[in-house]
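Just so it is clear, none of the values below were taken in a lab; they were calculated from the coordinates. No experiment lies behind these values; they were computed from the predicted model shown. Here the Cβ is made from the backbone with ideal geometry for all residues, glycine too, and neighbour counts use every protein chain on show.
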């Protein structure tokens with residue numbers, strides 16, 4: 001088990017409301033958000049070691065995050081929790097990476113899922129601090145909200161960062 005000191009919150013920096021699903025499950029070219037993010041990370045040169053791929057998500061060759069929170073609130077795994085991530089340079093060995101799909105506004109379902117996920121991780125790693133990517137890398141604004149303010153507000157959705165789609169509007 002890795003020594004975990006931080007839980008780092010990220011965003012995909014994709015348009016708000018875009019789900020990152022493409023096609024339908026029956027389509028040959030169907031992709032999910034973790035598959036899409038995996039392709040982005042592969043293009044950037046990230047790689048997962050074969051022994052970790054054989055243990056979890058063998059189809060994901062490069063994803064750097066441990067978890068991805070979809071717009072409808074589902075949490076999908078990326079890297080195995082004991083696998084070193086590729087999400088925040090200088091801190092990967094001792095952190096867990098969580099990515100919210102979107103840029104700077106997230107659905108109520110995502111906020112609720114993030115809260116539950118962070119609480120679950122902290123129940124295993126109570127010493128881990130929760131921090132935004134931009135707090136560890138000043139060249140980044142990700143996740144485009146103040147994580148400290150979110151924590152101070154009891155991990156409730158930040159009013160100015162809620163995406164309220166019209167029914168059926170998530171693309």
Taking only C-alpha pairs under 8 Å that are 6+ residues apart, what is the relative contact order of the range 6-161 in percent? 29 percent
So, in Å, what gap is there between the alpha-carbon centers of the range 24-58 and the range 81-144? 19 Å
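Test of understanding: what is the full-extension gain from residue 77 to residue 166, defined as 0.36 nm times their sequence separation minus their Cα-Cα distance? Please list the in-between numbers first.
Details: separation 89, 0.36 × 89 = 32.04 nm, distance 2.79 nm.
Gain in length upon complete extension: 29.3 nm.
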Taking 7 Å along the Cα-to-C-beta vector as the label spot, tell me the residue 13-residue 149 distance in nanometres, rounded to one decimal. 2.1 nm
Based on DSSP H runs of at least 4 residues, each adding -39500 (n - 2.57), what is the mean residue ellipticity at 222 nm of the chain after dividing by all its residues, to the nearest 500 deg cm²/dmol? -7000 deg cm²/dmol
Based on DSSP, what percent of beta bridges with both residues in the range 6-161 are antiparallel, to the nearest 5? 25 percent
